[in-house]
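Enquirer: My structure is below; once you've seen it, I'll send some questions.
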Amino acid sequence: MAGPPRRLARSPQVGGHEVRDLELRGVHGAGMPASKRRVPVSQPGMTDPHQLFDDTSSAQSRGYGAQRAPGGLGYPTASASPQSAFLGDPVSNMAMAYGSSLAAQGKELVDKNIDRFIPVTKLKYYFAVDTMYVGKKLGLLFFPYLHQDWEVQYQQDTPVAPRFDVNAPDLYIPAMAFITYVLVAGLALGTQDRFSPDLLGLQASSALAWLTLEVLAILLSLYLVTVNTDLTTIDLVAFLGYKYVGMIGGVLMGLLFGKVVYYLVLGWCCVSIFVFMIRTLRLKILAEAAAEGIPVRGARNQLRMYLTMAVAAAQPLLMYWLTFHLVR
Amino acid sequence: MAFTLYSLLQAALLCVNAIAVLHEERFLKNIGWGTDQGIGGFEEEPGIKSQLMNLIRSVRTVMRGKKKN
């Protein structure tokens, strides 16, 4: 009974709510229709640079709640007319308000506790993508040779959301690519009559284990070389997850056209990922001057260059290792 | 392929255990990696060796702290 106004305000499936968001914020042309989340209402240069999605914190959801409350109250009365007298009762109004405040407190408690284990707010940044970004990024992963500017744009010290900058790392593509890789591996095994359902779990676990190992190895070497970088762990997971896209391409082409095409496509994707990783990591790991192309001598920079090259070279190796047994 | 998350966990556990059982006096001091032999270079960038020694010392301290209670 206390639920409906608040739940309606926060559910992302209600299409009419998106329109109301736009009206409320007075957005002018910022919104790409979000395919999976609500319409993003902030642009670079607007008031709140940290806002990726609609703010569901207490202040604004209460505003939505108040906005929706007449509609919410109207909804149960319209659908359950014998209870209209019961709802008009002031005591039940108070009970409903009390119940809704209890629900809000419970929600805050759960959010606070979850935020301690999984940095949900930081993760939201990596999923703030839209279709154009995904398209451009996939193009970049397969053909990074013509792209000129690899620098991530910043806005008041925070990196801009991936939606607005094609160079920013995101977790949407790696996550989707990983899942697709597991499915494609199952498909490949199935066409060779080697499939059984637990093999899917084994493939997923194996790929995850390699990813974890890579992340740990890179973190260890970054620590040993004392690189002062703003490369966070999640950034690293995002960059390392981009190779799954090439793997999927190679395996699919190999399934369709045979082993030679598999090697060709995989070779192309390997070189592309190599160039992509070098150009992306160069800006994060190497010193400022070296990143701009001026060869800076010195033992430390050389070490950092070797580290970048090693990380980039590990990608093609892993791409081959994780897919060659799928295409026979 | 059988390289699963569990085998990664096992490997990590074995590595941490290996670092924890390095003997301070018989081994680390003899190869110059003792805990009191590295701290000095604060004016320059710590090299790889001193970072490694720091890492080994930290791991051993954390492991020891958990044992003693």
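Enquirer: Can you give the FRET efficiency to the nearest 0.05 for A:Ser101 and A:Leu200, using r as the Cβ-Cβ distance and R₀ = 51 Å?
Expert: Numbers: r = 46 Å, r/R0 = 0.89.
So, using R0 = 51 Å, E works out to roughly 0.65.
Enquirer: Rolling a 1.4 angstrom probe over the protein heavy atoms, how many square angstrom per residue are accessible across the range A:224-279?
Expert: Details: 2150 Å² over 56 residues.
Using a 1.4 Å probe on heavy atoms only, each residue of the range A:224-279 averages 38 Å².
Enquirer: Moving on to the next point. Could you compute how much accessible area chains A and B hide from each other, both sides summed, with a 1.4 Å probe? Nearest 100 Å² is fine. Show your work: numbers first, answer last.
Expert: Numbers: alone 18270 and 5990 Å², together 22860 Å².
Counting both chains, the buried surface is close to 1400 Å².
Enquirer: Let me ask something else. When the solvent-accessible surface of protein heavy atoms is calculated with a 1.4 angstrom probe, in what order do B:Val62, A:Val134 fall, highest first? Present the calculation step by step, with values, prior to reporting the outcome.
Expert: On the way: B:Val62 80, A:Val134 25 Å².
The most accessible residue leads, giving B:Val62, A:Val134.
Enquirer: Could you sort A:Val120, A:Val311 by their accessible area in this structure, using a 1.4 Å probe and putting the largest first?
Expert: On the way: A:Val120 60, A:Val311 10 Å².
Sorted descending by solvent-accessible area, the residues read A:Val120, A:Val311.
Enquirer: Would you tally the net charge around A:Ala314, using a Cβ to Cβ cut-off of less than 13 Å, leaving A:Ala314 out, and scoring K and R as +1, D and E as -1?
Expert: 0
Enquirer: A follow-up question, please. Any idea how far apart B:His23 and A:Glu151 come out in nm if each label point goes 7 Å out from Cα toward Cβ?
Expert: 5.7 nm
Enquirer: In terms of the Cα gyration tensor, with a ≥ b ≥ c the square roots of its eigenvalues, is the range A:192-294 rounded because a/c is under 1.5, prolate because a/b exceeds b/c, or oblate?
Expert: Values: a/c = 3.91, a/b = 1.64, b/c = 2.38.
It is oblate, given that a/c is not under 1.5 and a/b is not larger than b/c.
Enquirer: Between A:Val260 and B:Thr4, what is the label-to-label distance in nm when each label sits 7 Å out along the Cα-to-Cβ direction?
Expert: Result: 4.0 nm between the two label points.
Enquirer: Here is a further query. Under 5 Å between amide H atoms, partner at least 5 residues away or on a different chain: which partners does A:Gln155 have, H built in plane at 1.01 Å?
Expert: Long-range HN contacts for A:Gln155: A:Val160.
Enquirer: Between B:Ile48 and A:Met176, what is the label-point separation in nm under the 7 Å Cα-to-beta-carbon projection?
Expert: In this crude label model, A:Met176 to B:Ile48 measures out at 4.0 nm.
Enquirer: Can you tell me the order of B:16-23, A:261-268 when each peptide is scored by its average per-residue count of other Cβ atoms within 10 angstrom, highest first?
Expert: Details: B:16-23: 12.1, A:261-268: 17.8.
Listed from highest to lowest mean packing, they are A:261-268, B:16-23.
Enquirer: Separate question: Average partner chain C-beta neighbours within 10 Å, per residue of A:205-212?
Expert: Across A:205-212, the average partner-chain Cβ count within 10 Å equals 5.
Enquirer: Is the range A:162-249 rounded, prolate or oblate when judged by the Cα gyration tensor, a ≥ b ≥ c being the square roots of its eigenvalues, rounded requiring a/c under 1.5 and prolate requiring a/b larger than b/c? Walk me through the numbers before you get to the answer.
Expert: Numbers: a/c = 3.62, a/b = 1.76, b/c = 2.06.
Here the range A:162-249 falls in the oblate category.
The values are calculated or read from the model by the stated rules, or taken from the named source; none is laboratory data. Quick caveat, the model's predicted, so the values are computed rather than measured. With ideal geometry, Cβ positions are generated from the backbone for all residues, glycine too; neighbour counts draw on all protein chains shown. These area figures cover heavy atoms from the full protein model, side chains too; ligands, DNA and RNA do not enter into them. Shrake-Rupley method; radii C 1.70, N 1.55, O 1.52, S 1.80 Å.
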